[in-house]
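Input: a single structure, listed below in C-alpha cells.
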C-alpha cells in the first residue's frame, strides 16, 4: 500500500500537489537551460559566419543576451564551446548524394567538384575561425573523419578509373586528389586569391581532369 493511501486525504493531496510543483519547477529549469544553451550556440554560429573568427566568451554572451557565467556553466571553456559549435554546423550541412560512377567522366568530374565546392564554401568561415584551436584533439579527429569520407567518395565516383590502377597507383592518385581538392586549397582560392565561386570551381575541374588523365595515361603506358 502506498504512503499516500494511508494518509488523510488532505495530506495525500498536499503531497501530490507538492510533488507536481517540484516536477514543474524542474521542467521549467530544464527548458530555460536548454533555451540558454541554444541561444549561446546560435550566437556563436552567427558571429563565426559574419567574421570568420572565433568569438570570445564575452562577445557570445552579449550577442546571446546571457551572462558570461551562463556560458561557462554550459560549456566550461571556450574550446568546448567551439567544438560544440563545430558539431552544430556540421549537423546543419546538407551533404550532396554520391556521384554515380556510371556517368560519363567529365560529368562526374563536374559533379564531384560542384558538390565539394558547395560544401566547402559553407564551412570556410568555420575553418578560418578554428585557427587558434587547430591542435584541439576533438577538431583533429573530426577533420580526419571528414577527409576519410571525401576520400571514399572519390573512390566511389571514379571507381571505373581506379579499377585500372595498381593498389599503389590508386592510393597515390587518391592522395593527389585529396591534396589538390582539400578544404585548405579551397580557402586559398576563395580567400587568399579572391576568386569567385565559379572561377575557383573551374580551376578545380581542370586540376581534377589533369590528375585523372595523367595517372590513367601513365598506367596505360606501363
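Can you find, within region 91-129, the residue that is nearest to residue 192 (Cα to Cα) among those that are assigned to a loop (DSSP other than H, G, I, E, B) and more than 18 Å from the chain's Cα centre (by Cα)?
99
What residue, among those in region 56-81 that are under 14 Å from residue 46 (Cβ atoms) and assigned to a helix (DSSP H, G or I), is farthest from the chain's Cα centre (by Cα)?
62
Of the conditions (1) in contact (Cβ under 8 Å) with a residue 40 or more places away in the chain; (2) farther than 24 Å from residue 96 by Cβ; (3) part of a helix (DSSP H, G or I), residue 212 fails just one. Which one is it?
All conditions pass for residue 212, except number (2).
For residues in region 189-209 being part of a helix (DSSP H, G or I) and out of contact with any helix residue (DSSP H, G or I) (no Cβ under 9 Å at 6 or more places or on another chain), which is farthest from residue 105 (Cα to Cα)? Write out each step before concluding.
Keep residues of region 189-209 that are part of a helix (DSSP H, G or I), which gives 189-192, 197-209.
So of that shortlist, the ones also out of contact with any helix residue (DSSP H, G or I) (no Cβ under 9 Å at 6 or more places or on another chain) come out as 192, 198, 206.
Details: 192: 30, 198: 20, 206: 13 Å.
Ranking the qualifying residues of region 189-209, first place goes to 192.
Within region 96-110, identify whether any single residue is out of contact with any strand residue (DSSP E or B) (no Cβ under 8 Å at 6 or more places or on another chain), modelled with pLDDT under 90, under 24 Å from residue 128 (Cα atoms) and crowded, with 19+ Cβ neighbours inside 10 Å, and answer yes or no.
no
Exactly one condition in (1) in contact with a helix residue (DSSP H, G or I) (Cβ under 7 Å, 6 or more places away or on another chain); (2) surrounded by 14 or more Cβ atoms within 10 Å (Cβ to Cβ) is not met by residue 62; state its number.
Among (1) in contact with a helix residue (DSSP H, G or I) (Cβ under 7 Å, 6 or more places away or on another chain); (2) surrounded by 14 or more Cβ atoms within 10 Å (Cβ to Cβ), the lone unmet condition for residue 62 is (1).
Evaluate region 196-208: report whether one residue or more is modelled with pLDDT under 95 and surrounded by fewer than 15 Cβ atoms within 10 Å (Cβ to Cβ).
Within region 196-208, the first condition is being modelled with pLDDT under 95, and the residues that meet it are none.
Among the residues of region 196-208, not one is modelled with pLDDT under 95 and surrounded by fewer than 15 Cβ atoms within 10 Å (Cβ to Cβ), which makes the answer no.
Considering each residue of region 116-144, count those that are more than 27 Å from residue 208 (Cα to Cα) and surrounded by fewer than 15 Cβ atoms within 10 Å (Cβ to Cβ), and give that number.
Summing the residues that are more than 27 Å from residue 208 (Cα to Cα) and surrounded by fewer than 15 Cβ atoms within 10 Å (Cβ to Cβ) in region 116-144 gives 5.
Is it the case that region 160-171 has a residue that's exposed (fewer than 14 other Cβ atoms within 10 Å of the Cβ) and modelled with pLDDT under 90?
Scanning region 160-171, I find at least one residue that is exposed (fewer than 14 other Cβ atoms within 10 Å of the Cβ) and modelled with pLDDT under 90, so the answer is yes.
The values are calculated or read from the model by the stated rules, or taken from the named source; none is laboratory data. Quick caveat, the model's predicted, so the values are computed rather than measured. In this analysis, Cβ positions are derived from the backbone assuming ideal geometry, glycine residues included, and neighbour counts consider all displayed protein chains.
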